[in-house]
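In what follows, a single structure is set out as structure tokens and then discussed.
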Amino acid sequence: MTYQVIIPAAGLGKRMRAGKNKLLLELNGVPILVHTLRVFEEDEACDGVILAIHPQDTKEINRLLQKYQISKVSDLVPGGDERQHSIFNALKTVEADGIILVHDAARPFIQKIHIHRLTQKAEDTGAAIMGVPAKDTMKKQKDGVVVETVERSSLWAVQTPQAFRISLLKKAYQKAEEDKFLGTDDASLVERLDFPVSIVEGDYDNIKLTTPEDLYFAEAIIKKREK
Ligand code: CTP
Ligand code: MG
């Protein structure tokens, strides 16, 4: 079982309000982006990383790759205006078939055991994502009034990585481009092909660092793992 991984890192991190790409902020003295890259650097099943970056971060990210001796980045591609465009730019550089993962650079706490469980599922089925059961009661609202209480047991919060057969993901991205469809994750593009997407249980620690308070949770996860 081997895979390649696309890591979109070309966002602006606006909601983090750090005045720069949030991925360059440090946790425990190491940039968030490097935490994420290290997981794949240290996974023997990972054959290569295609990293999508914003042109304004090129110099700094090249410096970090050298400093932290990240050797698995086979391609650095320019990001696009939307996450989906950044990933499509990266996907266009992938030639062979096999399994491709897409993993947000903003999720540094992903662990190998979950990557392997997901990759295995994608090898068996063609498309697999990971998520965790929703913990909160979920309601639909409109204009400040509850429309419906949604049955929680069927709801999962979906994370990255997501894993696909390369030929399938390319087809899904091509169709999305033709239809001008913009999804909030990669699986939604595959679902539009009526291809069944498997879902496996992920990890509540695998949070996406989005707003400033997420950094407190991140510090706590790091402390817990140091024990
Ligand atoms: N991303 C990307 N290209 C974009 C937008 C986002 O590669 N045009 C990446 C981000 O760098 C991040 C991941 O997609 O690793 C998930 O996006 P998000 O958490 O929304 O990050 P940002 O877009 O950077 O943050 P914000 O939406 O707050 O500006
Ligand atoms: Mg964003």
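Only the coordinates and a few stated rules stand behind these numbers; no lab work does. Here the structure is a predicted model, which is why all the values come from computation and not from measurement. So basically every Cβ, Gly included, is an ideal-geometry build from the backbone, and we count neighbours across all protein chains shown.
Overall, the chain carries a charge dipole of about 600 debye about its Cα centre when +1 sits on the Cβ of Lys and Arg and -1 on the Cβ of Asp and Glu, all other atoms neutral. Computed over segment 1-100, the percent of Cα pairs more than 16 Å apart is 56. Excluding same-chain neighbours fewer than eight residues apart, no aspartates and glutamates are reachable from residue 67 by a Cα-Cα span under 13 Å.
What is the diffusion coefficient of segment 66-209 in µm²/s, taking the Kirkwood radius over Cα pairs and the Stokes-Einstein relation at 4 °C with a viscosity of 1.567 mPa s?
For the chosen part, D equals 78 µm²/s.
Sites listed here are chymotrypsin sites (Phe, Trp or Tyr not before Pro) in segment 158-195 whose DSSP assignment is loop and whose Cβ has at most 15 other Cβ atoms within 10 Å: 181.
In this model, which of 72/92; 72/112; 14/112; 72/171; 112/227 are farther than 20 Å apart at the alpha-carbon? Cα-Cα > 20 Å for 14/112; 72/171; rest within. The value of relative contact order for the chain, using C-alpha pairs under 8 Å at least six residues apart, is 23 percent.
The calculated 222 nm mean residue ellipticity attributable to helices in the chain amounts to -10000 deg cm²/dmol, summing -39500 (n - 2.57) over DSSP H runs of n ≥ 4 and dividing by all residues.
In sequence order, segment 13-25 has phi-based couplings of x, 4, 5, 7, 6, 9, x, 7, 4, 4, 5, 8, 5 Hz under the Karplus curve 6.51 cos²θ - 1.76 cosθ + 1.60, θ = phi - 60°, and Gly or Pro positions carry x. Scan around residue 77 for amide H atoms under 5 Å from its own, H built in the peptide plane at 1.01 Å from N, and keep only partners 5 or more places away or cross-chain. For residue 77, whose amide H was placed from the backbone, the distant partners under 5 Å are 51, 52, 53. Around the Cα centre of segment 7-101, unit charges on the Cβ atoms of Lys, Arg, Asp and Glu (plus for the first two, minus for the last two) sum to a dipole of about 660 debye.
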